[in-house]
Every structure is written in structure tokens, then in C-alpha cells.
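To start, the structure itself, in C-alpha cells.
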Amino acid sequence: MELLDALLAEDFRRVAEARHAAGNQVRLLRDGPETFGAWLEAIGAAKRYVWLENYIIQDDAMGAAFAQALIAAAGRGVAVRVLYDWLGCLRRTRPDFWQRLRAGGVRVRVYNPPHPLHPLRWISRDHRKVLCVDGESAFTGGLCIGDDWYGDAARAMPPWRDTAVAIEGPAVAYVEAAFVDSWEAAAGLPQRDVEAAPVADSRPGGVEVSVIAGRPDSLGLYRLEQLIAEIAERRLWLTDGYFVATTAYVRALAGAARGGVDVRLLVPGSSDWPLVGALSKSAYRPLLQAGVRVFEWNGPMLHAKTAVADGCWSRIGSSNSNLASWITNRELDVTIKDHALAAQMEAMYEADMTNATEVVLARGRSGIPRPVAPDGHAQERTPAKAGRLLSGAIGLGSTLSASFTRRRQLDPTESLVVLGGGLVLLLLGAMAVFLPRLVAWAVAVFALWPGVGLVVRGVRLWWASRNDAAR
């Protein structure tokens, strides 16, 4: 079954828990300067309402630019709503930033701040990056709002690498419905399936867009990624800022590569979360052995979350390939069936390859050979650029090798991660033996807090049911 036909099937939308609409116009946006320019332009042109939902809105120069634009929109009568995540903005945004917005007429809500009666609820975060304007346009992607994503030309600091998309047409209604769902959740209202409001008519020749609004305990995107790995026939190119995939997903990608699909994975060379970077590297070996090509980005942080398959299908959004995005977070991704956009995505991917270093197995290690072209020669792909310069004598040899060969051999990160985990467990065990009181107090605190919360909630439920029975 061809990918084009599979994407049209009702089963695809059911698996992904997606809302589908044809007749849309889409525009690919690369990095902060282009994306923020489009967002600010849309806010400046808004006539009825602006809804902004983002995991991080930093209190810096870029955050101030958005605050000014939002307050200006509210000042001319536009209904402005801003939803931010408590954990995402913790220590990044001062309280007076939100106070300025509220004083300027902007309605502001925070998603999932700590609650004494729900000590474990903090695990769920609002990781979406969404902007909706007037029911006519919507934006999503991987970009938070902050100077890191914009860069600083004066100090020769390029922006973080990221990708977004602008949408016009019927699919906007589904993005807006996802925002309303998050807005209500932040107010503590019961979760419900929000109906999409009518928006602009379908446009002749427009593209098909599916909106995947991930919520806690929803596995739609995870099932989608598994499905795409199964049905891709020629190419599957992935970009991920925080790749910590499950064994099942790694096997799906490995299976695609063994089946002759050109599977590539682009990840950060250095991560703003070093532990996540180490966990990501621990999955390299089974992928490389199966024939998946792994590349590490050499520039500043790679934060994009995209996929492009078979020259016709693309995914852009906020979800990383890890359990947090797949299971616990609120995420917003769109899939687009359009050859023109897929061609742009592939061209952008190949451009990124020129600033990346390919990771390869050490000599003598087994791996799946490259696909063979019709002329009988192994296919040569776009070479990756010189590896980044690393300091320290330990990394010097591998770095120089990467600089000349445009590749680096897989280092023993996998064993280091396992060794580190073992040492942590040994330390905890030693503490239990030699410092039992300390361990007992820690266990008591972690048990008492959720215990008290559950008892209070139980009493409230009992009291409510008693009152209902009395009526």
C-alpha cells in the first residue's frame, strides 16, 4: 500500500487521534527570526482575537517584544489570551511580566502549577507552541519565545535551530479547539472533546492537514510514529531535539532501515539537557547496526521536531520522540500531505546535513550496508560538514578525525549511561544500609504528601456523594 493511499485512510486518523481537513494553505517557517516575524505580524494585524499558548515565554528582549505586541492588540479591542506552563517558565519569567500583561488587558492563565492535593500532577506539562488569530490563521512548531531562538547577530550568536508552520484554512478550527481544551484545563474544568468552530472555507488546490492534539494519557502521536516507520517505502528523515525513544520505536526505525528505507536521524551534538543527550546517544548502536544514519548537529541547540517521508508527508510540531511527549504532556503537531511542502522539508534537511557530523560504527562492527543505486554503486548521500571543535585531550582525537572525515565513530556512551545508572543504584543501596534514618525520612515525606492529598480528596468525594444522596 502506497503511503499516499495510507494517509487518506480513516484508520490513519483513528490511530493518530487526529482531526483532518482538506483545502488548507501552509507555509514552512525556519528558525526564530522568520517565525517570530510571522507571529508578530499576525498579532499586529489581529482584529478579533489572539490566542497564544507556549511552554516557555521568557522575560527577555524577545519576550518583551511579544508582550508589547499583545498589549497593543488588547488596547485596540482585540481579545487576547495567553497560556503558559508553570514549570517551563519557572526561573525564566518573573511575576511582574505576567502582571504587566494583565494590566494591559491580556487574559493570562498558567497550566498546572503545584497543588498540595495533587503532588504527582506536576508531571503533566503544557509543551505546546501555538498561536491562533481571528479564526483565519494558526501556527505551531517547536519554538518557545525567547532570545535563544532569535539569536544575537551583534555577538555572533546564531539562533537555535527550529521549525514551525503557518496554516490557513479549515484546519485552523482544530488548532483552536486544542487551545480551548488547554485553556479550560488550566482553569480546572473537566476534560472534554471541544467542538471545532466554523472557519474559512476550503481553498481549491489546498493541502490536507491533520491536527494531533496530544493530551496526558493519549498515545495518538506515538502510534502515528510507529505507523509511519512501518509504511514508509523510500525515505524517512527525522529531526528531534530530545530523542529518548522506546525500545519498540527504535525497533520500528531499525526494521524500516533493514527493509531498504533511507532512515536518517538528526539530533543535537550538544544538548541543553546533558542527561537527555546521553540517553539519546545510548540508542545509537541498534539504529546504526540496522542501517539508520545518525547525524549530530554542530551549531547551537537543535530544537526542531519534524519528520518527512517519501517526498509527500511531513510532520511539524512540539512533540519530541520520548515518553514525556507521547504520554504525559500536552502537545500539538500537524501532519501535512503535500509534495511541495515535503520537497521544502527535504531541502531544509539536506541543508542541515551540511552542518552536521555523521556518527558511524567503529571499524569491524557489523552494520547494514547502504542501499545500492541502479548503477550498482553504493549511494553517496550529502556529506556532513566538519565536526565541532571540542576542548580537552580526551575528545581531541575523535574531533580531529571528524574534522577530516566528516564522521565520528560511536563512543562508549551507552556503557557510560548503564555504568552511571548502576552507580546511582549502588549509592542508594549504601545509603539505605548506612543511613537508614535519612532514607526513612525521605520515603516518609514522599509517602505522606500524596497520602494526605488522597485522604482529603476522598473525604471531599464522600461529602459530595452524601449531599447528593440527601437531595
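The values are calculated or read from the model by the stated rules, or taken from the named source; none is laboratory data. None of these values were measured; they are calculated from a predicted model. Counting neighbours? That spans all protein chains shown, and the Cβs are built from the backbone with ideal geometry, glycine included.
General observations
- 3 or more residues modelled with pLDDT of 95 or more, surrounded by 18 or more Cβ atoms within 10 Å (Cβ to Cβ) and in the same structural domain as residue 212 (by TED's automatic domain parsing): qualifying strands (runs of 3 or more DSSP E) within region 38-151: 49-54, 79-85, 129-133, 137-141
- Residues located in region 105-141, provided they are among the aromatic types (Phe, Trp, Tyr) and closer than 30 Å to residue 77 by Cα: 111, 139
- Filtered by the rule that a residue be part of a loop (DSSP other than H, G, I, E, B) and within 15 Å of residue 245 (Cβ to Cβ), region 272-315 gives 282, 283, 292.
- Hey, residue 245 under 18 Å from residue 319 (Cα atoms) and touching a residue at least 12 places away in the same chain (Cβ under 8 Å) or not: yes
- Qualifying residue in region 144-153 (condition: more than 18 Å from residue 241 (Cβ to Cβ) and either touching a Ser or Thr at 6+ places or on another chain (Cβ under 7 Å) or not acidic (Asp, Glu) (or both)): yes
- Output for region 84-120, where each listed residue is aliphatic (A, V, I, L, M), out of contact with any helix residue (DSSP H, G or I) (no Cβ under 8 Å at 6 or more places or on another chain) and over 17 Å from residue 64 (Cβ atoms): 90
- Residue list for region 279-312, restricted to those being surrounded by 24 or more Cβ atoms within 10 Å (Cβ to Cβ) and modelled with pLDDT under 95: 280, 283
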